[in-house]
There are 2 protein chains.
Amino acid sequence: MELPDRATTFFRELQDRICAALEKLDGRGRFREDAWMREGGGGGRTRVLEEGGVFEKAGVNWSDVAGELPEELADKMPGSGRAFRACGVSLVIHPRSPMVPTTHANFRCLTQGEACWFGGGADLTPYYPYREDVIAFHQQWKNVCDRHDPTYYPRFKKWCDEYFYLPHRGEMRGVGGIFFDYLRGELLEEIFAFVQDAGNTVVPAYRAIVEKRRAEPYGESEREFQLWRRGRYVEFNLIYDRGTIFGLRTSGRVESILMSLPPLVRWKYAHEAAAGSREAELESYLHPQDWLTAPSIVSPS
Amino acid sequence: MELPDRATTFFRELQDRICAALEKLDGRGRFREDAWMREGGGGGRTRVLEEGGVFEKAGVNWSDVAGELPEELADKMPGSGRAFRACGVSLVIHPRSPMVPTTHANFRCLTQGEACWFGGGADLTPYYPYREDVIAFHQQWKNVCDRHDPTYYPRFKKWCDEYFYLPHRGEMRGVGGIFFDYLRGELLEEIFAFVQDAGNTVVPAYRAIVEKRRAEPYGESEREFQLWRRGRYVEFNLIYDRGTIFGLRTSGRVESILMSLPPLVRWKYAHEAAAGSREAELESYLHPQDWLTAPSIVSPS
């Protein structure tokens, strides 16, 4: 079987496993599934869990679409010609508790003409950050990377820091993780092995944090802080995210693309966290830093 | 005094008059003002009223900024060179009641090299639409246009329909109004007279609707519909709105630019209004139509 066919099978089965694990973790919510076909070719399965016990909204999408790229997109990609196939899995999880971070992950295999490459990554967006959780998250991704190539983690961690950045806010969307694209070459099978290993790490890396923080108490003011911070998530996804823009331009399924948006969001004019507050502490997390070797930040709380 | 100087004075005084009228209409809320300077040159006064009696969030911004345009923006504009000055007033009003529409208006004077032009417009975004209100709103704008040039209303109404459009949703942001840009030429004084007349129409055109609908009863489900529809407002402003993009690229003041975003917004996966419901009726309003001469739509409610 050709590699893209094996990749799409892996991604589809990964979606199954992720959804099963998230339902178990949530304890109450169930995913609804929408299977869809794309007019230009291919289709997908979008699964969304809303109003769960732990997760206010969790979307896990698998898709395998093919067709013609818009010319301005085709020119920017490594392959030749406009014919493309893109298969992959993506997820965004917005927990109800502001003590549990939002996470996002995406792994995909692209083909354009003779060229075939992988892209993807996983990242974390805390509201009330716990340094030990951020370190553990990064450590998991470093472990996965190191099993395949010692240059991966430093490269992909930096790429993630640069990608999930809001220039107009001068801050990152969250605390990063890993991000990579255009990963190809003669060793494509080895790259695929890495992508599988990474895909299988999404749930364990996130579950550890959910289990640790799901019972943390919080009140109305912490919830308000979360709703306000979620606005930045929307700003990133609608203004800068290439996946969103690519999806909307290639006539992707709108509801599957925008499932990443948080369920409830507040924008307040010129709002800022009070200096020295737990909320203000988040800011120090939103700039690139070496989580795995830097000395601990002295937390004001 | 040069025209741009007279224009900026008009816009600043218009901001004063609009804010005074909106406070009176609201009955409870007060505008807070932030005066700001832009590093590249110029500045502005941003005024926002939050959690008022009628208005959940109302922002009225005046600014007069100058500097160097980014090259890719400069090339797309009618003037030559990169030096620019932009002064104008803009407002977005998000009422608390879903029975009262959101409105937006913006009037501006741009100079680039020797070229000087006006742009602007006003439009309405209802949640629970009333056909008579939409007609009255358009009639007011037609009256203003007709006082200056009989070709204005048909041209600017169409321009508005085309501008406030979400391709990924296949619908307009609201029911339109008027929109124009690059309005210049030998008769710039006459154009300025039109812009002043239009600027003075913003409050009366909207106040009539607010007064008529502010006491309409509504409950939790109507409020939820409003929060969900506000998501489309965010999608338009962050993905397509040129004003937002221009502002963020020219290092405008972020909080002044994003004051247009609604205070509280909900995204639900694949949500649709039930067929035949009052909520579904809105859809028929979100496609270009001739409000002033077309036969009445037979309303399903």
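Per-residue 3J(HN,Hα) values for the stretch A:203-219, derived from phi via the Karplus relation 6.51 cos²θ - 1.76 cosθ + 1.60 with θ = phi - 60°, read 5, x, 5, 7, 4, 4, 6, 4, 5, 6, 10, 5, 9, 4, x, 7, x Hz in sequence order (x marks Gly and Pro). Across the copies of the chain, B:Glu2 has label points (7 Å from Cα along Cα→Cβ) spaced 6.2 nm apart, shortest distance listed first. For B:Thr102, the residues 5 or more places off, or on other chains, whose built amide H falls under 5 Å of its own are B:Thr125, B:Tyr127.
The calculated FRET efficiency for A:Asn200 paired with A:His287, based on their beta-carbon distance and R0 = 30 Å, is about 0.50. Each Cα pair under 8 Å and six or more residues apart adds its separation to the average, and for the stretch B:40-163 the resulting relative contact order is 17 percent. Sorted from nearest, the other copies put their A:Gly219 label points 3.2 nm away, the label point being 7 Å from Cα in the direction of Cβ. Rounded to whole numbers, the Karplus 3J(HN,Hα) couplings from phi for the stretch A:237-243 are 5, 8, 8, 10, 5, 5, x Hz, using 6.51 cos²θ - 1.76 cosθ + 1.60 with θ = phi - 60°, and x at Gly and Pro. Axis angle, to the nearest 10 degrees, between helix A:131-146 and the longest C-alpha principal axis of chain A: 20 degrees. Label positions at A:Glu2 and A:His271, each projected 7 Å from the Cα along the C-beta direction, are separated by 4.9 nm. Between B:Arg242 and B:Ala66, the modelled labels are 2.4 nm apart [label points 7 Å from Cα along Cα→Cβ]. The shape of the stretch A:201-243 comes out oblate: with a ≥ b ≥ c from the C-alpha gyration tensor, a/c is at least 1.5 while a/b does not beat b/c. Here the sum of -39500 (n - 2.57) over DSSP H runs of 4 or more residues, divided by the residues of the protein assembly as shown, equals -11500 deg cm²/dmol at 222 nm, to the nearest 500. Between identical copies, the spacing of A:Lys24 label points, each set 7 Å from Cα toward the C-beta atom, reads 6.7 nm from nearest to farthest.
For chain B, what percent of Cα pairs sit more than 30 Å apart? List each step's numbers first, then the result.
Numbers: 13305 of 45150 pairs.
Here the long-distance tail beyond 30 Å is 29 percent of all Cα pairs in chain B.
Look at the alpha carbon pairs under 8 Å that are at least 6 residues apart: their mean separation over the length of chain B gives a relative contact order of 16 percent.
With 0.36 nm allotted per residue and the present C-alpha distance subtracted, the A:Glu51-A:Ser80 stretch has 6.0 nm of extension available.
Rg and Dmax of the protein assembly as shown, both derived from C-alpha coordinates alone, stand at 25.4, 76 Å. Using θ = phi - 60° in the Karplus curve 6.51 cos²θ - 1.76 cosθ + 1.60, the 3J(HN,Hα) couplings for the stretch B:285-290 round to 7, 8, 10, x, 7, 8 Hz; x is entered for Gly and Pro. Express the carbon and sulfur contribution to the solvent-accessible surface of the protein assembly as shown as a percent, rounded to the nearest whole number, probe 1.4 angstrom. It is 51 percent, rounded to a whole number. For the pair the stretch B:80-156 / the stretch B:1-65, the C-alpha centres are spaced 16 Å from each other. The candidates B:Lys24, A:Lys212, arranged from most to least accessible area with a 1.4 Å probe in the full protein assembly, appear as B:Lys24, A:Lys212. Write down the accessible area per residue of the protein assembly as shown in Å², having rolled a 1.4 Å probe over the full set of protein chains. Spelled out: the 1.4 Å probe surface of the protein assembly as shown, per residue, equals 41 Å². Measuring nothing but how far apart in sequence close Cα pairs (under 8 Å, 6+ apart) lie, relative to its length, the stretch A:207-301 scores a relative contact order of 26 percent. Measuring against 29 Å, Cα to Cα, the residue pairs A:Lys76/A:Lys158; A:Lys57/B:Lys24; B:Lys57/B:Lys212 contain A:Lys57/B:Lys24 as the ones spanning a longer distance.
Stretching the chain fully between A:Glu39 and A:Arg12 yields a gain of 7.7 nm (0.36 nm per residue, less the alpha carbon separation). Coordinate range of the alpha-carbon atoms in the stretch B:130-224 per principal axis, descending: 54, 34, 16 Å.
Amide H contacts of B:Leu69 (H built 1.01 Å from N, in plane; Pro and chain starts excluded): B:Ala83, B:Phe84 sit under 5 Å, all sequence-distant by 5 or more or on other chains.
Restricting the stretch A:208-264 to GluC sites (Glu not before Pro) that sit in a DSSP loop and have at most 15 other Cβ atoms within 10 Å of their own Cβ leaves nothing.
The values are calculated or read from the model by the stated rules, or taken from the named source; none is laboratory data. What you see is a predicted model, and the numbers here were worked out from it, not measured in a lab. Positions of Cβ are backbone-derived with ideal geometry, glycine not excepted, and every protein chain shown enters the neighbour counts. When the accessible area is computed, the model is the full protein with side chains, heavy atoms only, and any ligands, DNA or RNA have been set aside. Shrake-Rupley method; radii C 1.70, N 1.55, O 1.52, S 1.80 Å.
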